[in-house]
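The block underneath contains the structure these notes are about, expressed in structure tokens.
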């Protein structure tokens, strides 16, 4: 009895909830949603409503268009409930006959999810054209209790919405009354529909309609056998009906029961002589009412459960799909993070004199009392006296603009070069053929978004106060220096000499790391996890920086080597300033160009480790285990 | 020659011309990927058109088409009046197509691979004009593997001229068959037949309604093939619908109709391909337009920037203006005391300028020096110091590297989005190339500016140095000279001889010289000031003119060309579409055959894409 199946109900509910949560997470994977996947529809339409409910049997009459489904349905319920027409594809909505008081004990809305339930009023009801999925229902006194009988739309006409409705009925049905004809038993659409039904272990009752008796008596087994071989269907019962329109319209069509056992070969299955064919018509309603409801229910629910946990078609296939898609994302993001997105050989440097000025100013502000005044006086005097000299000097050097403006321009040029390089790199990556990246990058790479990016960058760049940044830098560096170093005063004294020191050549690399190969290797370099951009300032700065930290004592002994030390110190200003600037660039590019792409990729990659994924996986294995136990207990 | 024959020949020529145009269209070289794809489609089509043209005169190939069990083989048997193609009850019955032809028909000319068929030759009158093929069904196969019926069918269909589409009450709305028919019907005539008349009800009205959404449906025949065959074997009279179907196939599709059918098929194939390509191109054209409008915008902004720069330069280069104006005046005035004076001043100035010219700070000064002289100067400069100086010049003129780089970045994006092959714009050294382009762009601009400046100078000169001005200045200039001469003359001839006064001392001459210098300097200054009257206005006018002037090419001439070509290709495709549409209307076959419905994509596309906006 299905009571043993009640245990599954909890697991199924859990599974369903987790699946929906997982679906929310998978949006970024560009996967098709759950709706429309056969196993999910079965879960929703069959398992959830039927596992926890009392036993009732859903019987659907299904088949291709214009082969007499409605005729057979009418015969089955013994009344003209569904209108019949010589034209094809007329029944557009399912009709359901419901036993007395059934709707009080069960929730029809829940049983037929996704259909708008409408009380039946006339046989022409199912013919109306309506975008909604309607289901017309009607009470019937003659129906056995706990039996629902449905007429369905076709599965092969040019109105594809009909297929969908028929499929929904198939998913929740237990018994399918399969109508076949000699023209349609081998049609691709028909075979496809019933192949699914066979996989879901539905109970199949076949009615071979419109046979030309007695000629076709010799052929229908051949036809049906082909059908069974192609679809894997194993009909419980077989009836044949003659091609008799008169009888069909007046509810007089006879259904001759036949025995049939499919054979694997193409030969005609032998007629079982013991149970010779009779010409006595069977009453279809009686046949169905006498079915073992409980056993059938267990069979179909078990079939549905098996379908659900099956490796190739069920949830595991979905999980695999997520995993492989996530893997694709991994390779996509590796592709992105392996590429050093930008390489800048010659980061511009602020002119030495500017730094010297900044240090001087800082020095000035550090002094106190009379000393500051005196120095201030001499400084002003010096400035006045030296002005013509400086002016001439500046003319000769052709640096008529303020040096910071010059720097700004140079930096902008480098920014442009970098952006250009990044675009080239991204174009290359997008052409490498990873579809996921290609689609995402395409919009990033088009002209309008480039224009927008340049505009934002330009605006941000124009707003930056370089002088203030430099002052801040000098302040922090010098404060540190003063407390740490005995060379402090020497440095101050030699400032002017330092201004003439050659400026270092800086090269900078920018990575935008999601994770992956480079991400791990360079993880120490990640300055800020939010930014996740690695700035790597290299070149002869490195040497200089080393001198600053290591050579402290070595340098302090003699003044001669002190100059080298001071040079190194000075270079450090350049390097740190460049570092600050490249950090800005990296952040800006992250924010305005790549946006959330790295994060999206990352979370997509990590999806198979997410809580919902694991939960779904657990539910499935639990279900499998329960199914195995059930198998053993039976 | 009878007129009908001339009309025929005319039509043939028109079709040939059209195919020729298509061919040359598909052979154009273009960087636009969409166009390349379309060209590939046309390339695929052309050989098929050739085979169609070759067999224009041979019997029509008629094939059955319809779902399994709709009685295709039965119909074929009934049509030839004997059991020829096996019809049966196991589905699918026909897997190998059967080809039935008259023994006199030369099958080799059809270009069919006969090993694919079971060939039957029948000595029947109704087979003189046609070849019948009984095809497998399209609707039992679920996959497209090699041995499936669908694959076999898809091989045969392109070889047919007419499809005999059979269906039944059960099958006439089958989605699968309809889908296949949609593909198969293009380039073929259709005859619609409802079979199983003995068993089924007549659904032709509903079917016709369904079919009419996509096809022209002149008539649907409702036949009972089994009965028709029996009737023929027993020499009974045939049922009406079957008789007329047989009549059409055997008699009406004679030689005259043959050409019509084939030509209509040919045109339909062409039309279909052109429509396909047009759609594709129209979808992708907006991206090209975007690129174009961006190119234009770049062009405008560069020109504007340059003219702005030119204006400031011109307004500050006072000395050059004066020299040019003065030399112009002295040239027009010819030899006279004051103009000689001007020339001397100018010559002195030029002497200094010639030294400074080769250190000319910017291009605006070059433009000002004069178009001719400037061009010569540019030419020499180019030869001597190619890139470096040019870059400096560009830098001083607003077209600096950053600007160029920005342009390039954006253009790259637009070009990529438009689906242009990247090779013309991208990669190493492209900035150098761009700089060269920019230099040419600038030269063009300067040449333009130079000739305009010449005009301004001529105009200012004319305006400000009329005979009255000349008279005044000559008088003023001469008055001092004359006064000094009189004074000296009087002193020399009269005072020193008669009054016995002393001859004028050297002091006098020094003072006179100084006064002369001051006087002439004053006059020249006044004169140049007068000449320059309205100069500012003219310069503003000039820079506005230049900003709006259309230079023949921008910074990205290659891209501009590609865009233009894209438009040209679209236009010619549209034109061919229109032509083929017109031809198809002219060839319209008699009303016994159905066909794929003629759509009118050309006018449709016209209304949607106002391609004049780009100009």
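The values are calculated or read from the model by the stated rules, or taken from the named source; none is laboratory data. Source: prediction; values computed, not measured. Note that each Cβ is placed from the backbone with ideal geometry, even for glycine, and that neighbours are counted across all protein chains shown.
Below are the figures for this structure:
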item: Residue A:172 being surrounded by 24 or more Cβ atoms within 10 Å (Cβ to Cβ) and touching a strand residue (DSSP E or B) at 6+ places or on another chain (Cβ under 6 Å); result: yes
item: Unique match (being within 11 Å of chain A (Cβ to nearest Cβ) and modelled with pLDDT of 90 or more) among B:169, B:194; result: B:169
item: Condition met for residue A:158 (within 14 Å of chain B (Cβ to nearest Cβ) and modelled with pLDDT under 90); result: yes
item: Search result, residues across the stretch A:221-240 that are at the interface with chain B (Cβ under 9 Å from one of its Cβ atoms) and in contact with a strand residue (DSSP E or B) (Cβ under 8 Å, 6 or more places away or on another chain); result: A:223
item: Residues being part of a helix (DSSP H, G or I), surrounded by fewer than 20 Cβ atoms within 10 Å (Cβ to Cβ) and more than 11 Å from every other protein chain (Cβ to nearest Cβ) - total across the stretch B:205-225; result: 1
item: Among residues of the stretch B:516-534, those that are surrounded by 13 or more Cβ atoms within 10 Å (Cβ to Cβ) and under 17 Å from residue B:483 (Cα atoms), counted; result: 4
item: Considering residues of the stretch A:181-227 that are out of contact with any helix residue (DSSP H, G or I) (no Cβ under 9 Å at 6 or more places or on another chain) and over 25 Å from residue B:167 (Cβ atoms) only, the residue surrounded by the most Cβ atoms within 10 Å (Cβ to Cβ); result: A:221
item: Options B:183, B:179; residue that is at the interface with chain A (Cβ under 10 Å from one of its Cβ atoms), without any contact (Cβ under 8 Å) to a residue 40 or more places away in the chain, under 45 Å from the mean Cα position of the chain (by Cα) and surrounded by fewer than 24 Cβ atoms within 10 Å (Cβ to Cβ); result: B:179
item: Matching residues in the stretch A:326-343 - criterion: being modelled with pLDDT of 75 or more and surrounded by 20 or more Cβ atoms within 10 Å (Cβ to Cβ); result: A:326, A:329, A:332, A:333
item: Subset of the stretch A:432-455 (residues that are more than 7 Å from every other protein chain (Cβ to nearest Cβ) and either outside any helix (DSSP H, G or I) or in contact with a strand residue (DSSP E or B) (Cβ under 6 Å, 6 or more places away or on another chain) (or both)); result: A:432, A:433, A:434
item: Filter result (in a loop (DSSP other than H, G, I, E, B), in contact with a helix residue (DSSP H, G or I) (Cβ under 7 Å, 6 or more places away or on another chain) and farther than 18 Å from residue B:222 by Cβ) within the stretch B:58-88; result: B:58, B:81, B:83, B:84, B:85, B:86, B:87
item: Selection from the stretch B:62-92 of residues that are more than 14 Å from every other protein chain (Cβ to nearest Cβ) and surrounded by fewer than 21 Cβ atoms within 10 Å (Cβ to Cβ); result: B:81, B:82, B:83, B:84, B:86
item: Test for residue B:503: is it loosely packed, with under 15 Cβ neighbours inside 10 Å, assigned to a loop (DSSP other than H, G, I, E, B) and in contact (Cβ under 8 Å) with a residue 12 or more places away in the chain; result: yes
item: Test: residue B:269 is over 23 Å from residue B:39 (Cβ atoms), in contact with a helix residue (DSSP H, G or I) (Cβ under 7 Å, 6 or more places away or on another chain) and more than 14 Å from every other protein chain (Cβ to nearest Cβ); result: no
item: Residue check, residue B:95 within 14 Å of another protein chain (Cβ to nearest Cβ) and assigned to a loop (DSSP other than H, G, I, E, B); result: yes
item: Which listed residue is away from every other protein chain (no Cβ under 14 Å), at pLDDT 60 or above and not in a helix (DSSP H, G or I), from A:534, A:508, A:474; result: A:508
item: Condition check for residue A:165: surrounded by 22 or more Cβ atoms within 10 Å (Cβ to Cβ), away from chain B (no Cβ under 14 Å) and either out of contact with any helix residue (DSSP H, G or I) (no Cβ under 7 Å at 6 or more places or on another chain) or farther than 23 Å from residue A:287 by Cα (or both); result: yes
item: Given (1) farther than 25 Å from residue B:345 by Cα; (2) at pLDDT below 85, number of the condition residue B:489 does not satisfy; result: (2)
